[in-house]
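Participant: Here's a structure for you.
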Amino acid sequence: MSKNKDWLASAGSNTKLCHSGYEPTDYFGFVNPPVVHASTVLFPSARAMETRSQPYTYGTRGTPTTDALCRAIDELEGSAGTILVPSGLAAITVPFLAFLSAGDHALIVDSVYSPCRHFCNTMLTRLGVEVEYYDPEIGDGIETLIRSNTRLVHTEAPGSNTMEMQDIRTISAIAHRHGCVVTMDNTWATPLYFKPLDHGVDISIHAATKYPSGHSDILLGTVSANAEHWERLKEANITLGICGAPDDSYQILRGLRTMGLRLDHHYRSALAVARWLEARKDVARVLHPALESFPGHEIWKRDFKGASGVFSFLLPASSPDKIRPKAHAFLDALQLFGLGWSWGGYESLAVQVNLDDRTIRKGPVDAAVIRLQIGLEDVEDIMADLERGFAAASVV
């Protein structure tokens, strides 16, 4: 029999991370839930099978392992229910398919995760949904873009790569007045630093691949809904036949236990590096919401409890044809930083950002946008490695 956990609702974030989805009394006292591998689930009788009068009926509809993770995410999000999907991109596409139909109009923030834009411009458009991109800093101006057939407003804050902040509460309130569903990709902040549902969002999306995993070895997405939208999201997920694997769910649940401690380190280290970069003459601008100089800083300060380890900076070039060579020289000189996509793991990563798909917030013509993931290494070593990059870029 499970213990009563009413006390967990008022507990601190690290306590919730340690104890959410944690029911050792259900598993003979073992601290972590077992990994249940299942497709077929047997019923005691034909009547039980007909009425489905037992907690588990088939592997795609959940197991004790996946349910443990969903309970933990719901505790963090304050959501009515959570689904697990195989990737962060799937965490975006499933709710889009759940709430959009042919003839609908969707508003998508222009600073969106690039693969999301590709999905919108290809599959979503092919299915008859009209997609329109909007400026991330539009605020209450979003109302001028909403039409009679607008059904969904997708947000992301900060924006991918260029870190624009959005006034999520204002956008959500306006969207709801017009009957729109509001979705948000909150991967950067995690529920520890921003709770989308508390700010009016209906569907909170995360790439658990990132900070919940923390070790660059798991692909998983979570989608959490408020009570009004939970049943439709769940039905769409079942209809599409998409589910999270038990081994991956176990690993994410395990990663959650230390996510608060890791995020705090990422936050402090990244902000220290950002301030160091901001003081350099060979950096044109640092794109980090926690910096007082950043245009969206006041929104970040008002709504967010912290910042993660990802931000960007502009590496200036003397002419447009020098942007790529200068960026490549910088990146190739790095030794501690890995050159790779994704982020949220323990290791530092760097990549040159391509903003060619933007329609509104386009990239600079006089600088390379370099995105950094500041890992768990010592800050002094991180800065020393960046110095190598700047030295190499200076001769291009």
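The values are calculated or read from the model by the stated rules, or taken from the named source; none is laboratory data. Predicted, not measured: the structure shown is a model, and the values here were computed from it. Methodologically, a virtual Cβ is constructed for each residue, glycine included, from the backbone with ideal geometry; neighbour enumeration extends over all protein chains shown.
Participant: Any residue in region 241-263 that is at positive phi sitting within a Cβ distance under 7 Å of a residue that is in a helix (DSSP H, G or I)? List the pairs, counting only those 6 or more apart or interchain.
Facilitator: Filtered contacts from region 241-263: Gly241/Thr60.
Participant: Tally time: how many residues in region 40-60 are in contact with a strand residue (DSSP E or B) (Cβ under 7 Å, 6 or more places away or on another chain) and loosely packed, with under 12 Cβ neighbours inside 10 Å? Please lay out each step first, then the result.
Facilitator: Taking region 40-60 and keeping what is in contact with a strand residue (DSSP E or B) (Cβ under 7 Å, 6 or more places away or on another chain), we get 41.
Remaining after also requiring loosely packed, with under 12 Cβ neighbours inside 10 Å: none.
Count: 0.
Participant: Oh, and also: Picking from Asn186, Asn149, which residue would you name as being under 18 Å from the mean Cα position of the chain (by Cα) and polar (S, T, N, Q)?
Facilitator: Working: Asn149 fails: under 18 Å from the mean Cα position of the chain (by Cα).
After applying the criteria, what remains is Asn186.
Residue-wise test of (1) assigned to a loop (DSSP other than H, G, I, E, B); (2) free of Cβ contacts under 8 Å to residues at least 24 places away in the same chain; (3) within 25 Å of Ala227 (Cα to Cα); (4) among the aliphatic types (A, V, I, L, M).
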residue: Asn32; (1), (2), (3), (4): yes, no, no, no
residue: Ala38; (1), (2), (3), (4): yes, no, no, yes
residue: Pro55; (1), (2), (3), (4): yes, yes, yes, no
residue: Ile83; (1), (2), (3), (4): no, no, yes, yes
residue: Thr93; (1), (2), (3), (4): no, no, yes, no
residue: Phe96; (1), (2), (3), (4): no, no, yes, no
residue: Gly103; (1), (2), (3), (4): yes, no, no, no
residue: Ala106; (1), (2), (3), (4): no, no, yes, yes
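Participant: A further question on this structure: Is there a residue in region 270-284 that is among the acidic types (Asp, Glu), free of Cβ contacts under 8 Å to residues at least 24 places away in the same chain and not in a helix (DSSP H, G or I)?
Facilitator: no
Participant: In the list Ala284, Ala317, Ala270, which residue meets the criterion of being surrounded by 20 or more Cβ atoms within 10 Å (Cβ to Cβ), within 22 Å of Asp366 (Cβ to Cβ) and of a type in the set (A, V, I, L, M, F, W, C)?
Facilitator: Values: Ala284 fails: surrounded by 20 or more Cβ atoms within 10 Å (Cβ to Cβ); Ala270 fails: within 22 Å of Asp366 (Cβ to Cβ).
Going through Ala284, Ala317, Ala270 in turn, just one is surrounded by 20 or more Cβ atoms within 10 Å (Cβ to Cβ), within 22 Å of Asp366 (Cβ to Cβ) and of a type in the set (A, V, I, L, M, F, W, C): Ala317.
Participant: Moving on to the next point. I need the full set of residues from region 148-166 which are part of a loop (DSSP other than H, G, I, E, B) and either surrounded by fewer than 23 Cβ atoms within 10 Å (Cβ to Cβ) or free of Cβ contacts under 8 Å to residues at least 12 places away in the same chain (or both), in order please. I'd like the intermediate steps shown before the answer.
Facilitator: Let us first name the residues in region 148-166 that are part of a loop (DSSP other than H, G, I, E, B), namely 148-149, 157-166.
The answer is Ser148, Asn149, Thr162.
Here is a yes/no grid of residues against (1) at pLDDT 95 or above; (2) farther than 25 Å from Gly306 by Cβ; (3) of a type in the set (Phe, Trp, Tyr):
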{"residue": "Leu8", "(1), (2), (3)": "no, no, no"}
{"residue": "Thr15", "(1), (2), (3)": "no, no, no"}
{"residue": "His19", "(1), (2), (3)": "no, no, no"}
{"residue": "Val36", "(1), (2), (3)": "no, yes, no"}
{"residue": "Pro95", "(1), (2), (3)": "yes, yes, no"}
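Participant: Can you pull out the residues in region 124-149 that are among the hydroxyl-bearing types (Ser, Thr, Tyr) and closer than 20 Å to His199 by Cβ?
Facilitator: Narrowing region 124-149 to residues among the hydroxyl-bearing types (Ser, Thr, Tyr): 125, 133-134, 144, 148.
If the condition is that a residue be among the hydroxyl-bearing types (Ser, Thr, Tyr) and closer than 20 Å to His199 by Cβ, then Tyr134 is the only one that fits.
Participant: Does Ala227 satisfy the condition of being in contact (Cβ under 8 Å) with a residue 60 or more places away in the chain and closer than 21 Å to Ala98 by Cβ?
Facilitator: yes
Participant: Scanning region 114-144 for residues that are in a helix (DSSP H, G or I) and touching a His at 6+ places or on another chain (Cβ under 9 Å), which turns out nearest to Met184 (Cα to Cα)?
Facilitator: That would be Cys116.
Participant: Hey, among the residues in region 175-223 that are among the charged types (D, E, K, R) and either assigned to a loop (DSSP other than H, G, I, E, B) or touching a His at 6+ places or on another chain (Cβ under 6 Å) (or both), which one's surrounded by the most Cβ atoms within 10 Å (Cβ to Cβ)?
Facilitator: Asp202
Participant: Evaluate region 239-247: report whether one residue or more is over 25 Å from Ser342 (Cα atoms) and not in a loop (DSSP other than H, G, I, E, B).
Facilitator: Yes, region 239-247 contains a residue that is over 25 Å from Ser342 (Cα atoms) and not in a loop (DSSP other than H, G, I, E, B).
Participant: Within region 18-37, how many residues turn out to be in contact with a Ser or Thr (Cβ under 8 Å, 6 or more places away or on another chain) and surrounded by 15 or more Cβ atoms within 10 Å (Cβ to Cβ)?
Facilitator: Total satisfying the criteria: 6.
Participant: Related question: In region 365-387, what count of residues is obtained for those that are assigned to a loop (DSSP other than H, G, I, E, B) and either outside the structural domain of Leu331 (by TED's automatic domain parsing) or crowded, with 17+ Cβ neighbours inside 10 Å (or both)?
Facilitator: 2
Participant: Being outside any loop (DSSP other than H, G, I, E, B), under 13 Å from Phe194 (Cβ atoms) and among the basic types (Lys, Arg) is the filter here; which residues of region 289-322 pass it?
Facilitator: The answer is Lys301, Arg302.
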